[in-house]
Amino acid sequence: GDENIRRCYAMAQGKYTWVFGDDDVLAPGALHKILSLLATSEYDLLYLAAYNFPGQGPQFLPKRRLRPDVFNVTASAVRLIDLVDTHSDFMFISSVIINRSRANSVVPPDLTGYVADNIVQLTWIMPILRNLRKAMFLDAQLVGLGAHNAAGGFNAPHYYGRRSIKALDGALEPDSPLRKRLINNHLTMWAFVWLEWRWNNISKQK
């Protein structure tokens, strides 16, 4: 899977690149809205907060929103990290659109060393964050994440621990505020969620 994602990224030709997961969906009208936003200004990175849908059957539209769409434009990478991690996770590949023209100047040309880590996308997201000029965080329920497909069954500490640290180490200095923030946010987000999932599964087996 990672090699497929790496090749998609390497072969992309447009100004903006969006590598989209095969089990995620776009809400109706999403592409038009996103293109309209990208036409208004130039962003290094656009992050779309995802909504959950069951992941099985034909129902994939979001539930009715109780508040309007939220747009945040920032030049602070730490601010963007906090916005993203409040709603989702930078590891969710379908949420991230990058400025390929900008990435060409900061992303290493050879990413094959990160293939099989299952988070190869971090190797182009992190250098852009490190050199961020302008980004947008958009919470508008335009991208759907299949909850059934993301409900567990994988080694979370391995992917969100060892392998994510490898990606961070390749792009960020050990004492980087971005690195520290990402690690702390991931611990806050995932540690108790994963422990709860493990506890529930162990209880069911008993």
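The values are calculated or read from the model by the stated rules, or taken from the named source; none is laboratory data. Note that the structure is predicted; figures quoted are calculated from it, not measured. Neighbour counts run over all protein chains shown; Cβ positions are idealised from the backbone, glycine included. To get the accessible areas, we keep the full protein, side chains included, count just its heavy atoms, and leave off ligands, DNA and RNA. Shrake-Rupley method; radii C 1.70, N 1.55, O 1.52, S 1.80 Å.
Collect the residues in region 120-161 that are at pLDDT 75 or above and assigned to a helix (DSSP H, G or I), keeping them in residue-number order.
The answer is Leu122, Thr123, Trp124, Ile125, Met126, Pro127, Ile128, Leu129, Arg130.
Pick from Val73, Val25, Val19, Val78: which is of a type outside the set (D, E, K, R) and closer than 22 Å to Tyr114 by Cβ?
Val19
Which numbered condition trips up Lys180, out of (1) at pLDDT below 80; (2) over 16 Å from the mean Cα position of the chain (by Cα)?
(1)
Answer with yes or no whether Lys33 is touching a helix residue (DSSP H, G or I) at 6+ places or on another chain (Cβ under 7 Å) and open to solvent by 30 Å² or more (accessible area, probe 1.4 Å).
On the way: touching a helix residue (DSSP H, G or I) at 6+ places or on another chain (Cβ under 7 Å): no; open to solvent by 30 Å² or more (accessible area, probe 1.4 Å): yes.
Against the criterion (touching a helix residue (DSSP H, G or I) at 6+ places or on another chain (Cβ under 7 Å) and open to solvent by 30 Å² or more (accessible area, probe 1.4 Å)), Lys33 does not qualify.
List every residue pair whose Cβ atoms lie under 7 Å apart, where the two residues are 6 or more positions apart in sequence or sit on different chains, the first residue falls within region 107-134 and is farther than 21 Å from Glu42 by Cα, and the second residue, located anywhere, is of a type in the set (Asp, Glu).
Short answer, once both residue conditions are applied: Val115/Asp2; Val115/Glu3; Ala116/Asp2; Asp117/Asp2; Asn118/Asp2; Val120/Asp2.
Going residue by residue through region 4-22, is there one that turns out to be open to solvent by 60 Å² or more (accessible area, probe 1.4 Å), in contact (Cβ under 8 Å) with a residue 60 or more places away in the chain and in a strand (DSSP E or B)?
no
State the number of residues belonging to region 101-128 that are crowded, with 18+ Cβ neighbours inside 10 Å and small (Gly, Ala, Ser).
Of the residues in that region, 1 qualify.
Can you name every one of the helices (runs of 4 or more DSSP H) wholly within region 26-112 that holds 3 or more residues which are at pLDDT 95 or above and in contact with a Lys or Arg (Cβ under 8 Å, 6 or more places away or on another chain)? Quick ask: steps written out before the conclusion?
Working: elements: 30-40, 77-87, 100-103.
Qualifying helices (runs of 4 or more DSSP H): none found.
Does Ile98 fit the bill of being open to solvent by less than 60 Å² (accessible area, probe 1.4 Å), in contact with a Ser or Thr (Cβ under 6 Å, 6 or more places away or on another chain) and within 11 Å of Leu45 (Cα to Cα)?
yes
Quick check on my filter: what residues within region 36-57 are open to solvent by 70 Å² or more (accessible area, probe 1.4 Å) and without any contact (Cβ under 8 Å) to a residue 12 or more places away in the chain?
Once the filter is applied, which keeps residues that are open to solvent by 70 Å² or more (accessible area, probe 1.4 Å) and without any contact (Cβ under 8 Å) to a residue 12 or more places away in the chain, region 36-57 yields Ala39, Thr40.
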